[in-house]
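Here, each number is a calculation from the coordinates, and none is a lab measurement. Note that the structure is predicted; figures quoted are calculated from it, not measured. Every residue, glycine as well, gets a Cβ built from its backbone with ideal geometry; the counts of neighbours run over all protein chains shown.
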Amino acid sequence: MIKNKTFLFVGDSITESGRQQDPEHIGNGYVRMIKDQLLTDYPNDSFQVVNKGVGGNRITDLDNRWGEDVISAKADYTTISIGINDVWRQLDSPGLEQVTPEKFEHIYRKLLERLIHSTETLIFLMEPSIIEEDPSSKGNQLLKTYVEIVKKMADEYHVNLVPVHQSFLKEIDNGGDPLTTDGVHMTDRGNVVLAKEWVQKFKTID
């Protein structure tokens, strides 16, 4: 049962996905698809879905807004999706102060500890997805380290891992319609993969 539960999703533009223009502030991406699936699976339960995705965010940006957007929400379920821009900025904005893997892990650990120690929320960590639909691209090679960090955090803190990166690599290998519009932002197919992986993980704990 999810009656009266709050689901919070925090991340970058992949999570945001038009929420600012949406009267419900949920957007038209994977968060919307998850809400629709929950409505289907739990038709008699009232629940709330909150989207706190912000385009362009890196983990340093989450750090700046963690208290206001995440800790204060006291959600029953909190999903974190971050890491793409931490790598992408290394490719398209090399002059910017970068988030190294070491910095990424340090901040991620700090955010998780704050969340765990101040709330009773159930946590889902989504692996970063892909940068270009080519597993051998420079972006995906750099991304591997960040994916491993997220996996390590999920294991170390005993929280739920949503294996997004592996799923996207499988979808790329299978061929078919594009998963992204520009190598990063999702098509409908990409959002379906994200939502499907989250729902599958959720069902293992429900």
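If I model a spin label as a point 7 Å beyond the Cα along the Cα-Cβ vector, how far apart are those points for Asp41 and Lys203 in nm?
In this crude label model, Asp41 to Lys203 measures out at 0.7 nm.
When ranked by the protection proxy of mean other Cβ atoms within 10 Å per residue, highest first, what sequence do the peptides 57-67, 4-14, 135-145, 169-179 form?
Highest mean packing first, the order is 4-14, 57-67, 135-145, 169-179.
Report the relative contact order of region 6-205, percent, no decimals, based on alpha-carbon pairs under 8 angstrom and at least 6 residues apart.
Relative contact order comes out at 22 percent.
Which order results if Tyr146, Tyr77 are arranged by neighbouring Cβ count within 10 Å, fewest first?
Least to most surrounded, the residues fall as Tyr77, Tyr146.
Applying a 10 Å radius around every beta-carbon, put 180-193, 35-48 in order of their mean neighbour count, most first.
In descending order of packing, they fall as 180-193, 35-48.
Search the structure for amide H atoms under 5 Å from the amide H of Val49, placed 1.01 Å from N in the peptide plane, and list their residues when 5 or more places away or on another chain.
Under 5 Å from the amide H of Val49 lie the amide H atoms of Phe7, each far enough along the sequence or on another chain.
State the extension gain, in nm to one decimal, for the chain segment bounded by Glu120 and Gln20, taking 0.36 nm per residue of separation less the distance between their alpha-carbons.
Length difference between fully extended and current span is 33.2 nm.
Can you compute 3J(HN,Hα) from phi for each residue in region 175-188, using the Karplus curve 6.51 cos²θ - 1.76 cosθ + 1.60 with θ = phi - 60°, rounded to whole Hz and x for Gly and Pro?
x, x, 5, x, 8, 10, 8, 9, x, 9, 6, 7, 7, 4
Calculate one ³J(HN,Hα) per residue across region 155-167 by plugging θ = phi - 60° into the Karplus curve 6.51 cos²θ - 1.76 cosθ + 1.60, and present them in order as whole Hz with x for glycine and proline.
With the stated coefficients, region 155-167 comes to 5, 5, 9, 6, 10, 7, 9, 9, x, 5, 4, 4, 5 Hz.
Please report Met1, Met153 as a ranked list, fewest other C-beta atoms within 10 angstrom at the top and most at the bottom.
Met1, Met153
Over what distance in Å are the Cα centres of region 142-206 and region 1-55 separated?
Each part's Cα centre sits 17 Å from the other's.
I need the GluC sites (Glu not before Pro) found in region 1-99, filtered to DSSP loop residues with at most 11 other beta carbons within 10 Å of theirs.
Listed in order of number, the matching sites are Glu24, Glu97.
Once phi is turned into ³J(HN,Hα) by the Karplus curve 6.51 cos²θ - 1.76 cosθ + 1.60 with θ = phi - 60°, what whole-Hz value does each residue of region 125-137 show in order, with x for glycine and proline?
9, 8, 4, x, 7, 8, 10, 6, 8, 9, x, 8, 4
Only four residue types carry charge here, +1 at the Cβ of Lys and Arg and -1 at the Cβ of Asp and Glu. Report the dipole size of the chain about the Cα centre in Debye, rounded to the nearest 20.
Using Cβ point charges on Lys, Arg, Asp and Glu, the chain gives about 420 debye.
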